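Inspection log for the structure reproduced underneath, given as structure tokens.
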Amino acid sequence: MAQGKTWRKGARWTVILMLLAAVIAILTFPMRVAIAWAGLDQGPMTMRGVAGSIWDGTLYSAKLGPIELGDVKASLQPWPLLSGQSRLSLTFGGGAQGDQGAKGRAVLIRSAKGFGITDMSGRVPVGGWLAPLPAPVADFEGFGVRFLNGRCAEASGLVKLQMPSPLPGLNLSNGLTAAPRCSGDRVLIPFKGQSGMEQVNFYVAADG
């Protein structure tokens with residue numbers, strides 16, 4: 001009888017230790033391994049390096065397509081994994097670039113059929129990739145795009161380009177604003193000025 005009690009007590013402690021080990025493994029699971037396993041480093045997000053756990057990770061020198069985000073805090077959302085989808089919450093802020101750096105948040109999505117970005121809000125530097133437009137930064141509000149099987153499946157939110165430098169014959173003091181939408185396989189971001197006469201169409205394909 002005493003031997004049976006001792007066995008049950010030992011088995012109980014074995015289960016407790018196994019559960020504790022599992023919890024520790026989950027809490028400390030490397031973000032680097034999770035990103036590679038989920039394919040979150042296969043576009044549109046690229047990064048120089050990854051550190052930390054899946055709950056509190058850092059992506060170094062991250063870029064979203066051509067947009068430089070700098071060092072980004074990242075955490076993996078657990079529940080979408082049950083449906084075969086990976087969601088990585090991103091928070092980016094000034095960093096070494098100070099006030100000129102990216103500041104905001106977004107969620108990167110990856111699944112077997114495609115990828116996307118959602119809930120993106122904040123300000124990011126656009127540098128010279130919109131040249132010859134003199135737009136140093138872009139503001140995003142509730143921005144989201146989704147590609148499935150290489151085709152645009154969803155686009156939403158607002159994008160605004162700040163235009164501090166004037167263009168001859170154009171009044172762009174209020175910048176250019178666009179509501180993205182799908183246009184064939186690509187995302188169309190149709191920027192317009194305050195008068196509606198100034199227009200610039202910007203397209204984004206699934207390959208960036």
If you take the residues in the range 43-76 that are touching a helix residue (DSSP H, G or I) at 6+ places or on another chain (Cβ under 9 Å) and open to solvent by 70 Å² or more (accessible area, probe 1.4 Å), which one is nearest to Y203 (Cα to Cα)? E68
Can you tell me which residue within the range 169-205, out of those that are of a type in the set (G, A, S) and open to solvent by less than 70 Å² (accessible area, probe 1.4 Å), is modelled with the lowest pLDDT? G196
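Mind checking which residues of the range 77-99 are farther than 14 Å from P125 by Cα, open to solvent by 20 Å² or more (accessible area, probe 1.4 Å) and either modelled with pLDDT under 85 or not β-branched (V, I, T) (or both)? Break it down into steps so the answer makes sense when it comes.
Going through the range 77-99, the residues farther than 14 Å from P125 by Cα turn out to be 77-91.
From what is left, the residues that are open to solvent by 20 Å² or more (accessible area, probe 1.4 Å) are 77-85, 87, 89, 91.
The answer is Q77, P78, W79, P80, L81, L82, S83, G84, Q85, R87, S89.
The values are calculated or read from the model by the stated rules, or taken from the named source; none is laboratory data. Worth saying up front: this structure is predicted, and the values here are computed from it rather than measured. Cβ coordinates were reconstructed from backbone atoms using ideal geometry, including for glycine residues, and neighbour counts include every protein chain displayed. The protein model used for the area step is the full one, side chains on, heavy atoms only, and it has no ligands, DNA or RNA in it. Shrake-Rupley method; radii C 1.70, N 1.55, O 1.52, S 1.80 Å.
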